[in-house]
2 protein chains.
Amino acid sequence: MPTFHDVMMAYKATRPYVHETPVIASNSIQQFSGHEVALKCENLQRTGSYNLRGGMNFVIRTKLLDLSINHFVAQSTGNLGLAVALAASSFSATGHIVIPKRANDVVVHSIAHYSGKVYRCGDARDEQMKLTQKLVSDNNNTSKKNGVNACVFVHPQDDWLIAGYGTLGVELMLQTDGRLDAVVVPASEGALLAGVALAVKGMKPNVAVFAAECDARDPNSDFEDGPVVAVNKGEGGGDQDHSTQHANNAVDVARQLRTPLNATAAKCVNKYVDGVIKVTERQKRDAFRFVYERCKLVVDDSAATAVAAVLTRPASLSQYDHIGIVLAGGNVDLDDIPRLARL
Amino acid sequence: MPTFHDVMMAYKATRPYVHETPVIASNSIQQFSGHEVALKCENLQRTGSYNLRGGMNFVIRTKLLDLSINHFVAQSTGNLGLAVALAASSFSATGHIVIPKRANDVVVHSIAHYSGKVYRCGDARDEQMKLTQKLVSDNNNTSKKNGVNACVFVHPQDDWLIAGYGTLGVELMLQTDGRLDAVVVPASEGALLAGVALAVKGMKPNVAVFAAECDARDPNSDFEDGPVVAVNKGEGGGDQDHSTQHANNAVDVARQLRTPLNATAAKCVNKYVDGVIKVTERQKRDAFRFVYERCKLVVDDSAATAVAAVLTRPASLSQYDHIGIVLAGGNVDLDDIPRLARL
């Protein structure tokens, strides 16, 4: 499991390569929700999402281990692929991105724009895994030096990604002068949630962290394409510095999420996330429209979910005055926008 | 004509009521244009446009003259109406907004949301002027105190609006540590251009200011609804501290603009604006899509025009390294977005 120290190392290492994204106050959301709200605009990050922070950290840490590792393979329908492509090319390495057929051409062009190599394949999971494994072993065979592997696979819930995503939480706390008493993060693929929770609790242990999730499965989620491990239900209670009560609570949090988490991400979530706020598809779409029309920001599905979680005024948030909301990304096809705002 | 001192007074007076809007660097625009670019995000201003700065200054200055003035009448299809409604209600006064039929219902609802009173009337200019005059005189008759007029008309190119809009330029220069050597402002209704030019030249006299304008008439422009005065061609050359050469140049600038300017705005533009960059309708729409897809910001027509002026790499900008672009506003109907990005 990554530690707060890993997050701070990632913060220091990735700073030259990522934007410090702005935090924007929203009077409209405050008016509707009753909370003072700070929007952490990761949609304004390079490549349009938080993923770059993780991708950058992954490449930097890998390079620190061995400079000769020059190939990074990822499976993604979008954001993670973009991030790995740009991160790899920033260090003269190559990002190999396996993309299922159903992903649209805009993604393919963008990945190519960031000097990534695109490998399209069928939508079946097996086919993608096979292609990925082939890419990893091919690149190891052809560019092996002194028996060192020159190619690595970027697992979507990798520890270094989680630590990299955490840098978003560090920035958010610094930019709000530690004023926040709760942070709402889209559950998304789990790694963002785990990273931000780890980071903000590391900076201010009594801040509450909530995961926002939509009842319906997010069709744009990258996650289903990556290999996942079921939640290890027993592990959350293993920490001896936590009472059994807390451990039980924590295990419940990870189980409430729809996204399957690997052991590390689940452990992070269990230890640091206080609860899950569920929203309906309609609430998410209303929030999407709200952010466009009131906040003038282009955001994606998961960011809208986090905003919806606050706008619906759930009881679990009622005791908090200053809430940070993570706008995870903004990669949305412009032509789809009206459709995304309607049920 | 407003002075730099007026702008600084407006800056001080309006600060508690307006957002300091973020300045965002754009790698993508830099890549395409070859300039380092700072986007001044007035689309993130309250009410969604720069107009609030002017409206607020107008109400504050009016109140300083006479606290008993409690009614503000404006003609607008959108942004100015929203701004006057919110500014008036911030000081327990009433904004009366005359709106032509063709304006959409979203605007009407928003104005009502900011406690403004909406008066719909025909699209004919005469009808609007008549209704406006009636509103002004009615409110003066009913609430006159000691012979003092209690109601004023907010002319879209009023000096106090211009000074208020200038505060945007002050912020921009402060936020960029005076690094900018050129600023591109949408010509829009003239007052924004005049105000920003006045402000940035006040802070750094050798910064260049360019007006961006689309060849086709902006159909959403408020201006055609307001009373305008033709450009007084002689006036620009009257300043004795300018050489005849410069004066002649200056007069040309105001004449190049499609928007009719009143005497003050024209004088400001003539004195402080260095040139006009024209873009085509298609370039504007491409820029619109660019800002959505790359910068994840919801912007309106005039903001897209300013971005287009930089993306088209005109010769007049070639000598400048650091360019500020004013994203004037973001009030766009979400359902219209795909249409606005296409020719």
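The values are calculated or read from the model by the stated rules, or taken from the named source; none is laboratory data. Predicted model, so just to flag it, every value in this text is computed and none were measured. Backbone-built Cβ (ideal geometry, glycine too); neighbour counts: all protein chains shown. Protein only, heavy atoms only, side chains kept; ligands, DNA and RNA dropped before computing areas. Shrake-Rupley method; radii C 1.70, N 1.55, O 1.52, S 1.80 Å.
Here are some notes:
- Screening the range B:269-284 for residues that are basic (Lys, Arg) and buried (at least 20 other Cβ atoms within 10 Å of the Cβ) and picking the one that is farthest from the other protein chains (Cβ to nearest Cβ) gives B:Lys271.
- Taking the range A:100-122 as the range and being out of contact with any Asp or Glu (no Cβ under 9 Å at 6 or more places or on another chain) and more than 18 Å from A:Asp336 (Cβ to Cβ) as the test, the residues that pass are A:Ile111, A:Ala112, A:His113, A:Tyr114, A:Ser115, A:Gly116, A:Lys117, A:Val118, A:Tyr119, A:Arg120, A:Gly122.
- Options B:Gln128, B:Gln133: the member that is without any contact (Cβ under 8 Å) to a residue 12 or more places away in the chain and not assigned by the TED database to the domain that holds B:Val209: B:Gln133
- Subset of the range A:293-314 (residues that are outside any helix (DSSP H, G or I) and away from every other protein chain (no Cβ under 12 Å)): A:Thr312, A:Arg313, A:Pro314
- Summed over the range B:151-191, the residues that are more than 14 Å from B:Ala266 (Cβ to Cβ), open to solvent by less than 10 Å² (accessible area, probe 1.4 Å) and in contact with a strand residue (DSSP E or B) (Cβ under 6 Å, 6 or more places away or on another chain) give a count of 10.
- When B:Asn57, B:Asn51, B:Asn27 are screened for being over 19 Å from the mean Cα position of the chain (by Cα) and of a type in the set (S, T, N, Q), only B:Asn27 passes.
- Checked across the range B:291-302, the condition of being aromatic (Phe, Trp, Tyr) and at pLDDT 95 or above holds for no residue.
- Count - residues of the range B:247-259 that are open to solvent by 50 Å² or more (accessible area, probe 1.4 Å) and at pLDDT 85 or above: 3
- Single residue of A:Leu193, A:Leu161, A:Leu180 found to be modelled with pLDDT of 95 or more and more than 20 Å from the chain's Cα centre (by Cα): A:Leu180
- Every residue from the range A:286-298 that is aliphatic (A, V, I, L, M) and more than 10 Å from B:Val298 (Cβ to Cβ): A:Ala287
- Subset of the range A:117-143 [of a type in the set (Val, Ile, Thr) and under 22 Å from A:Ala83 (Cα atoms)]: A:Val118, A:Thr132, A:Val136
- Selected residue (criterion: surrounded by the most Cβ atoms within 10 Å (Cβ to Cβ)) from residues of the range B:315-336 that are more than 14 Å from chain A (Cβ to nearest Cβ) and in a loop (DSSP other than H, G, I, E, B): B:Tyr320
- At least 1 residues being within 13 Å of another protein chain (Cβ to nearest Cβ), crowded, with 17+ Cβ neighbours inside 10 Å and touching a residue at least 60 places away in the same chain (Cβ under 8 Å) is the threshold, and among the strands (runs of 3 or more DSSP E) wholly inside the range A:1-109 those reaching it are A:23-25, A:36-41.
- For the range B:322-343, filtering for residues that are at pLDDT 95 or above and not small (Gly, Ala, Ser) leaves 5.
- Taking the range B:110-135 as the range and being in a loop (DSSP other than H, G, I, E, B) and closer than 14 Å to B:Asn70 by Cβ as the test, the residues that pass are B:Ser115, B:Gly116.
- Within the range A:303-312, considering residues that are modelled with pLDDT of 95 or more and either surrounded by fewer than 24 Cβ atoms within 10 Å (Cβ to Cβ) or among the aliphatic types (A, V, I, L, M) (or both), the one nearest to the chain's Cα centre (by Cα): A:Ala303
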